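Participant: Below you will find the structure I want to go over with you.
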Amino acid sequence: RVNIVADPLGRLLANGKLCVPVEEGLDYLADLVRESTVIPGMRCVEPSGTLFSNAGTGPVAELAYTLSMGNEYMAALTSRGIKTETAARAIRFTFGTGPDFFPEMAKLRAARMLWAVIVKKYGPETEEASLMHIHSVTGRWNKTLYDPHVNMLRTQTEAMSAVLGGAGSVTVEPFDVIFRSPDEFSERIARNQQLLLMEEAHLDKVSDPGAGSYYLEELTSMIAHEAWKI
């Protein structure tokens, strides 16, 4: 499976401008989606919630803004003649994961619910088009410069909440990424953190471990409701 990170709206948000007019950037994106359909499993549109989470938003606001970007991409692609199923299959969402363990789990669970509602409004021919593919990246705004090894604990719980919330893939950033270029040691530790969750905690064995938990189900419902209002 191959993912190409194309996010013109995210670049516009981060930089205040694009190298081309916005409509031209969306035309390019539509061309990219058409070209990538010949490669099975390729996703090339990636609305990035890390722009919001690393700017200090909470889980609800990050979810709302990221889904809004996803909806904008769906509208742009379908208006350019791309089928709903093709457009939806081209999108993979990236969310940042912060320190709030259960709310971060609930955020990803709520994301899948709300994205299904959005895609169904575009009239897909199959239910599969409404499936959401999520990539998660550990956050940066809450990491410390003064005792950086503590960041390993923080990224580990963040990665754990992302997996339990239903992320399909996870990036654990090295503990020193916020103040220097990561070295061989910090990169190796970051990779090992993911292996610990898979090989020793066996978090890859259950698809939705929070299902049926009253607290988590209620929290998921609350976050979905508040994000939808935004």
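The values are calculated or read from the model by the stated rules, or taken from the named source; none is laboratory data. Given the structure is predicted, the values throughout are model-derived calculations rather than measurements. Heads up, the Cβs are rebuilt from the backbone with ideal geometry, glycines too, and the neighbour counts pull from every protein chain shown. For accessibility, only protein heavy atoms count, side chains too; no ligands or nucleic acids. Shrake-Rupley method; radii C 1.70, N 1.55, O 1.52, S 1.80 Å.
Participant: Name the pairs whose Cβ atoms lie under 7 Å apart, with the first residue in region 109-130 and more than 21 Å from Phe95 (Cα to Cα), the second of a type in the set (A, V, I, L, M, F, W, C), and 6 or more positions between them or separate chains?
Facilitator: Tyr122/Met74; Pro124/Ala88
Participant: Which one of Thr66, Thr86 is in a helix (DSSP H, G or I), of a type in the set (Ser, Thr, Tyr) and within 21 Å of Val172 (Cβ to Cβ)?
Facilitator: Working: Thr86 fails: within 21 Å of Val172 (Cβ to Cβ).
Unique residue meeting the criteria: Thr66.
Participant: Among Val137, Val177, which is in contact (Cβ under 8 Å) with a residue 12 or more places away in the chain, open to solvent by less than 60 Å² (accessible area, probe 1.4 Å), among the aliphatic types (A, V, I, L, M) and assigned to a loop (DSSP other than H, G, I, E, B)? Don't jump to the end; show me each part of the working.
Facilitator: Numbers: Val137 fails: assigned to a loop (DSSP other than H, G, I, E, B).
Sole residue among the options that is in contact (Cβ under 8 Å) with a residue 12 or more places away in the chain, open to solvent by less than 60 Å² (accessible area, probe 1.4 Å), among the aliphatic types (A, V, I, L, M) and assigned to a loop (DSSP other than H, G, I, E, B): Val177.
Participant: Please identify the pairs in which a residue from region 212-230 that is modelled with pLDDT of 95 or more has its Cβ atom under 9 Å from the Cβ atom of a residue that is among the hydrophobic types (A, V, I, L, M, F, W, C) and assigned to a loop (DSSP other than H, G, I, E, B), counting only partners at least 6 apart or on another chain.
Facilitator: Taking only residues 6 or more apart or on different chains, the pairs are Glu217/Ala211.
Participant: Cβ-Cβ distance below 8 Å, separation of 6 or more or different chains: which pairs start in region 58-86 with a residue that is at positive phi and surrounded by fewer than 16 Cβ atoms within 10 Å (Cβ to Cβ) and end on one that is part of a helix (DSSP H, G or I) and modelled with pLDDT of 95 or more?
Facilitator: That search, which allows pairs on different chains as well, returns Gly81/Ala30.
Participant: Let me ask something else. Which one of Val38, Val22, Val2 is of a type outside the set (Ser, Thr, Tyr), under 15 Å from His135 (Cα atoms) and surrounded by fewer than 17 Cβ atoms within 10 Å (Cβ to Cβ)? First the steps, then the outcome.
Facilitator: Working: Val38 fails: under 15 Å from His135 (Cα atoms); Val22 fails: under 15 Å from His135 (Cα atoms).
None of the others qualify; the one that does is Val2.
Participant: Regarding region 22-44, can at least one residue be identified that is free of Cβ contacts under 8 Å to residues at least 60 places away in the same chain, closer than 27 Å to Thr97 by Cβ and touching a Lys or Arg at 6+ places or on another chain (Cβ under 6 Å)?
Facilitator: The answer is yes; a qualifying residue exists.
Participant: Also: Would you check if there is a residue in region 190-207 being among the polar types (S, T, N, Q), part of a helix (DSSP H, G or I) and open to solvent by 20 Å² or more (accessible area, probe 1.4 Å)?
Facilitator: From region 190-207, those among the polar types (S, T, N, Q) are 192-194, 207; that's our starting set.
Add one more test, that the residue is part of a helix (DSSP H, G or I), and what stays is 192-194.
Of the ones still in play, those that are also open to solvent by 20 Å² or more (accessible area, probe 1.4 Å) are 192, 194.
Yes, region 190-207 has at least one match.
Participant: Can you pull out every residue in region 38-52 that is in a loop (DSSP other than H, G, I, E, B) and over 9 Å from Phe95 (Cα atoms)?
Facilitator: We begin by selecting, within region 38-52, every residue in a loop (DSSP other than H, G, I, E, B); these are 38-42, 46-47, 49.
Listed by number, the residues that qualify are Val38, Ile39, Pro40, Gly41, Met42, Glu46.
Participant: Sticking with this one: Given the criterion in a helix (DSSP H, G or I), farther than 15 Å from Pro99 by Cα and within 18 Å of the chain's Cα centre (by Cα), identify the matching residue among Ala167, Ala129, Ala162.
Facilitator: That would be Ala129, the only listed residue that is in a helix (DSSP H, G or I), farther than 15 Å from Pro99 by Cα and within 18 Å of the chain's Cα centre (by Cα).
Participant: Among Ala201, Ala190, which is the only one that is at pLDDT 95 or above and within 17 Å of Thr157 (Cβ to Cβ)? So that I can check it myself, show each step before the final result.
Facilitator: Details: Ala201 fails: at pLDDT 95 or above.
The match here is Ala190.
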